[in-house]
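Take a look at the structure set out below.
The values are calculated or read from the model by the stated rules, or taken from the named source; none is laboratory data. The model shown is predicted, which means the values in this text are computed figures rather than measured ones. Quick reminder, even Gly has a Cβ in these numbers, built from the backbone with ideal geometry, and neighbours come from all protein chains shown.
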Amino acid sequence: MLSRKVRGKGRGLWEEPGNFNSHLSALTWVAQLVIFDYACFHEQDDEDQIPVFLARICKKFFQQLAETPFGHILQWRLYLFKVGKAAIAKHQARWSLDGQTVEYRGIELQMTQVSQLVLSEYQKAHSLLWDELLFGAKDLIPMESWRLKDDLDLEDFGGSWLSHPSNSEFLNGAELALFRRIQGNPKLRAMFLTTAADGSVALCPKAMKIYEAHAQDFLKPVLVLAHVAPGPPLRASELLLVMWRNTARQRHMLMWEKLVMLYVQYWPARYAYTLLLWYKILVVGDLDDSRIAYEVYLKIP
């Protein structure tokens with residue numbers, strides 16, 4: 001039963017209204033696809049009749065007043081939308097009366113500790129970026145969002161703030177900066193460069209795996225800093241979809257008003273998609289801009 005979640009043999013709990021509604025939504029989507037596929041097959045000789053056939057079938061079987069299984073499912077979804085709005089989230093954070101301490105699942109955090117957390121995570125991210133990802137290079141230009149330009153309407157495939165003409169003075173030579181750093185340092189050259197079977201020079205796969213691990217370590221404190229900013233935190237489903245340059249879909253990372261902005265789709269408690277504008281802390285954006293500007297070229301084969 002979709003309305004119950006199993007916890008051990010013969011035991012179970014009722015699903016939360018939102019989760020049960022999601023299960024019913026999946027059923028209705030599949031049913032709609034099946035009906036549409038059948039309509040296309042049934043009216044394959046006259047495509048103009050497909051909308052007419054669909055309207056007739058849906059009126060009979062697939063609307064809220066129909067005494068059919070999916071008619072009842074659609075009715076239940078209306079009830080669940082109403083109940084879901086009034087549902088109280090579990091594991092809520094509890095604030096002290098003076099507003100200076102918050103407790104969440106047994107962990108207490110005082111507001112005076114937030115600044116210490118920000119400083120600690122920033123220092124960790126800064127060290128990983130310049131010492132590990134950029135190989136301690138002192139001659140690289142830091143990418144600072146306040147002086148970078150971006151075209152928010154850019155739709156070209158692969159387009160990003162890197163391709164904006166006004167940023168060329170900061171990005172000149174960035175595509176080879178890390179390669180030059182590797183070639184000019186005997187220790188880095190021995191670690192990262194290897195000879196391929198055809199005699200050409202290539203990046204060592206093992207060294208690149210270590211480099212990728214450092215990149216992941218860098219992102220951890222950056223994510224902590226990004227979530228300190230005001231507004232609802234990004235969840236995994238939104239965060240993992242973020243792209244910094246255009247692909248088949250529009251990118252999410254933009255430069256706007258001298259800040260780095262993440263533009264994502266957010267699924268709120270009222271079960272309807274809205275667009276959420278998320279502003280990262282200025283220094284966080286600058287760190288990630290520098291990583292993208294230099295590191296991306298090292299990864300491209």
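Can you go through LEU152, LEU171, LEU176, LEU203 and tell me which one is touching a Phe, Trp or Tyr at 6+ places or on another chain (Cβ under 9 Å), under 22 Å from LEU262 (Cβ atoms) and not aromatic (Phe, Trp, Tyr)?
Values: LEU171 fails: touching a Phe, Trp or Tyr at 6+ places or on another chain (Cβ under 9 Å); LEU176 fails: under 22 Å from LEU262 (Cβ atoms); LEU203 fails: under 22 Å from LEU262 (Cβ atoms).
Every option except LEU152 fails the conditions.
Among the residues of region 159-192, what is the count of those that are in a helix (DSSP H, G or I) and over 29 Å from the mean Cα position of the chain (by Cα)?
Of the residues in region 159-192, the ones in a helix (DSSP H, G or I) are 161-163, 165-171, 174-184, 186-192.
Remaining after also requiring over 29 Å from the mean Cα position of the chain (by Cα): 169, 179-184, 186-192.
The total comes to 14.
Out of ASP139, ASP131, which single residue is at pLDDT below 85 and not aliphatic (A, V, I, L, M)?
Selected residue: ASP139, the only one of ASP139, ASP131 that is at pLDDT below 85 and not aliphatic (A, V, I, L, M).
For ALA66, are the conditions met, namely being at pLDDT below 90, within 30 Å of GLU108 (Cα to Cα) and small (Gly, Ala, Ser)?
Working: at pLDDT below 90: yes; within 30 Å of GLU108 (Cα to Cα): no; small (Gly, Ala, Ser): yes.
Taking the combined requirement at face value, the residue does not satisfy it.
Suppose we filter LEU140, LEU117, LEU97 for residues that are part of a loop (DSSP other than H, G, I, E, B) and more than 23 Å from TRP244 (Cα to Cα); which single one remains?
Working: LEU140 fails: more than 23 Å from TRP244 (Cα to Cα); LEU117 fails: part of a loop (DSSP other than H, G, I, E, B).
Unique residue meeting the criteria: LEU97.
Considering (1) within 35 Å of the chain's Cα centre (by Cα); (2) surrounded by 11 or more Cβ atoms within 10 Å (Cβ to Cβ); (3) assigned to a helix (DSSP H, G or I), say which one VAL102 fails and leave the rest.
So VAL102 meets the others, but not (3).
Assigned to a helix (DSSP H, G or I), among the charged types (D, E, K, R), out of contact with any helix residue (DSSP H, G or I) (no Cβ under 7 Å at 6 or more places or on another chain) and more than 30 Å from TRP14 (Cα to Cα): does that describe LYS124? If you could, list the steps in order and put the result at the bottom.
Working: assigned to a helix (DSSP H, G or I): yes; among the charged types (D, E, K, R): yes; out of contact with any helix residue (DSSP H, G or I) (no Cβ under 7 Å at 6 or more places or on another chain): no; more than 30 Å from TRP14 (Cα to Cα): yes.
No: the conditions fail for LYS124.
Can you tell me which residue among LEU171, LEU148, LEU203, LEU188 is in contact (Cβ under 8 Å) with a residue 12 or more places away in the chain, buried (at least 16 other Cβ atoms within 10 Å of the Cβ) and touching an Asp or Glu at 6+ places or on another chain (Cβ under 9 Å)? Step through it out loud before you land on a result.
Numbers: LEU171 fails: touching an Asp or Glu at 6+ places or on another chain (Cβ under 9 Å); LEU203 fails: touching an Asp or Glu at 6+ places or on another chain (Cβ under 9 Å); LEU188 fails: touching an Asp or Glu at 6+ places or on another chain (Cβ under 9 Å).
Result: LEU148 is the single residue among LEU171, LEU148, LEU203, LEU188 that is in contact (Cβ under 8 Å) with a residue 12 or more places away in the chain, buried (at least 16 other Cβ atoms within 10 Å of the Cβ) and touching an Asp or Glu at 6+ places or on another chain (Cβ under 9 Å).
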